[in-house]
Amino acid sequence: MADVETVLIFIIIGAIIVLGALGYGLSLLRGGGRTREREAPSAGRGMPTDDLDRQPPTDSTDRVTPPERPGGQAQVEVQPDASTAPAEPAAPTTPEPTLERPESARGRLQRLRARLARSNSSIGQGLLALLSRGKLDEEAWEEVEDTLISSDLGVEATTELVDSLRTRVKIDGTTDEATVRGWLRDDLLALVQPEMDRRIASSRIGDRPAVILVVGVNGTGKTTTVGKLARVLVAEDREVLLGAADTFRAAAADQLETWGARVGVATVRSDKDGADPAAVAFDAVKAGIEEEVDVVIIDTAGRLHNKVGLMDELGKVKRVIEKQSEIDEVLLVLDATTGQNGLQQAKVFSQAVNVTGIVLTKLDGTAKGGIVVAVQRQLGVPVKLVGLGEGPDDLAPFDPEAFVDAIVM
Ligand SMILES: Nc1nc2c(ncn2[C@@H]2O[C@H](COP(=O)(O)OP(=O)(O)O)[C@@H](O)[C@H]2O)c(=O)[nH]1
Ligand SMILES: [Mg+2]
């Protein structure tokens, strides 16, 4: 009896010991698993998940982890932690989930050349029809002059060109169409001044971004041009920041912001209608310096109903920007279809700011390409960009040879 009791006691004690050992072993296993879960995120915090995977093993825990990953909880828990950390601050600068890939500047020139040719063809065809008539009498030369003047080339440049052609025809004694066409091309090209420097400041200068100020009368295409230019620069892998210093209408800032967002470019703006444009420009340049971007482009307002007010405002924008940074480029946007009016505007703007380049918009669908020559002559500043349509990539660097060929070919 006593023996049976003793055996039972031993069995019970043995069972308790075995269960206790099993429980301890299990608690050890669970504890070990938790440690890995905790360690893994702290090792990978702030790093993209890809990098985490590529990391060389640093201790025994990591070396053990990989085989467990496919089904293991540790991996599932680490991923959101490591990937949301860098994604959160980046979210406001990339409002659009899918970004457009803008066309490269080289590609677009090929495409737009045809559009330039179409717009210039009426000048070219008119001239060539006259020159190929065979007999170039006084009346014919007058018609040549009229055609050139109606293309907004300006009286002075037209007179120069016609005099030069007449002299050559007289000396050579030829009216061969191909020969005269060649002379016309040479003379037009000389008028367009191909030697002018048409590069746009768009790379960092020392330890600060390049600063571009875009000015011009309302409706000439400033905001559109800023948007298109941002795309050109994004295609060249530049980091761009936009400043919406047209604070007159909130819609203007919205318009600019939309252009930028399409290609992942942020816009510095004010939410208040009628905020101080100079303050917004200042903030944009400040942000550009802090964020170490390549180039800051500032869009401005262009109300010309009060010339003095506009010029005062522009002057202030300029001075306030210059408290932080030089302005490397002032682009004056002119609408090619406005002709002599555009020249008048150019004069006014160049009194308020130091214009360094001209953007001639709406050259598509106008036969007034001669304005290129007239405006360059008047301001002594090169046409750097031409707008050839309303499409997002319809802005091209101005190429004198392509421009002249579009007229005479
Ligand atoms: N056809 C054509 N339209 C243009 C061109 N550039 C701008 N525009 C149009 O001109 C209008 C005014 O442009 P916007 O950028 O708002 O002018 P802003 O007031 O100077 O900022 C818009 O409808 C543009 O689409 C161009 O090169 N060709
Ligand atoms: Mg605008």
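The values are calculated or read from the model by the stated rules, or taken from the named source; none is laboratory data. In this text, all values refer to a predicted model and were calculated from it rather than measured experimentally. When we count neighbours, we look across all protein chains shown, and the Cβ atoms used for this are built from the backbone with ideal geometry, even at glycine. Surface areas here come from the heavy atoms of the whole protein model, side chains and all, with no ligands, DNA or RNA. Shrake-Rupley method; radii C 1.70, N 1.55, O 1.52, S 1.80 Å.
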Which one is nearest to Ala336 (Cα to Cα), of the residues in the stretch 200-222 that are within 16 Å of ligand 2 (Cβ to nearest atom), outside any strand (DSSP E or B) and among the β-branched types (Val, Ile, Thr)? Thr220
Condition first: in a helix (DSSP H, G or I), within 13 Å of ligand 2 (Cβ to nearest atom) and modelled with pLDDT under 95. Can you find one or more residues in the stretch 223-238 that meet it? no
Criterion violated by Pro209 - all others in (1) more than 25 Å from Leu331 (Cα to Cα); (2) crowded, with 17+ Cβ neighbours inside 10 Å; (3) not aliphatic (A, V, I, L, M) satisfied: (1)
Some residue of the stretch 212-220 being modelled with pLDDT of 95 or more and surrounded by fewer than 15 Cβ atoms within 10 Å (Cβ to Cβ): no
The number of residues in the stretch 270-305 that are away from ligand 1 (no atom under 16 Å from the Cβ) and open to solvent by 10 Å² or more (accessible area, probe 1.4 Å) is 17
Pick from Val375, Val381, Val333: which is in contact with a helix residue (DSSP H, G or I) (Cβ under 9 Å, 6 or more places away or on another chain), without any contact (Cβ under 8 Å) to a residue 60 or more places away in the chain and within 16 Å of ligand 1 (Cβ to nearest atom)? Val375
Residue that is most open to solvent (accessible area, probe 1.4 Å) [pool: residues in the stretch 331-362 that are modelled with pLDDT of 90 or more and in a loop (DSSP other than H, G, I, E, B)]: Asn354
Can you tell me which of Leu189, Leu184, Leu241 is over 26 Å from Ala406 (Cα atoms) and not in a loop (DSSP other than H, G, I, E, B)? Leu241
If Ala284 passes every condition in (1) within 18 Å of Leu332 (Cα to Cα); (2) among the aliphatic types (A, V, I, L, M); (3) within 16 Å of ligand 2 (Cβ to nearest atom) but one, which one does it miss? (1)
Among the numbered conditions (1) more than 16 Å from Ile371 (Cβ to Cβ); (2) out of contact with any Leu (no Cβ under 6 Å at 6 or more places or on another chain); (3) modelled with pLDDT of 80 or more, tell me where Glu156 comes up short. (1)
Report yes if some residue within the stretch 328-342 is of a type outside the set (Gly, Ala, Ser) and touching a Leu at 6+ places or on another chain (Cβ under 6 Å); otherwise report no. yes
Among (1) more than 29 Å from Leu343 (Cα to Cα); (2) crowded, with 16+ Cβ neighbours inside 10 Å; (3) modelled with pLDDT of 90 or more, where does Thr167 come up short? (2)
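Quick grid of which residues meet (1) in a loop (DSSP other than H, G, I, E, B); (2) open to solvent by less than 10 Å² (accessible area, probe 1.4 Å); (3) within 16 Å of ligand 2 (Cβ to nearest atom):
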| site | (1), (2), (3) |
| --- | --- |
| Gly365 | yes, no, no |
| Lys368 | yes, no, no |
| Val372 | no, yes, no |
| Val375 | no, yes, no |
| Val381 | yes, no, no |
| Val386 | no, yes, no |
| Gly391 | yes, no, no |
| Glu401 | no, no, no |
Scanning the stretch 244-268 for residues that are under 15 Å from the mean Cα position of the chain (by Cα) and assigned to a helix (DSSP H, G or I), the one farthest from ligand 1 (Cβ to nearest atom) turns out to be Ala261
Give me the pairs, please: first residue somewhere in the stretch 239-263 and among the acidic types (Asp, Glu), second residue anywhere and more than 11 Å from ligand 1 (Cβ to nearest atom) and not in a helix (DSSP H, G or I), beta-carbon distance under 6 Å, and either six or more positions apart or on two chains. Glu239/Val293; Glu239/Asp294; Glu257/Thr267
Glu236 fails exactly one of (1) under 26 Å from Asp207 (Cα atoms); (2) within 15 Å of ligand 1 (Cβ to nearest atom); (3) surrounded by fewer than 17 Cβ atoms within 10 Å (Cβ to Cβ), namely (2)
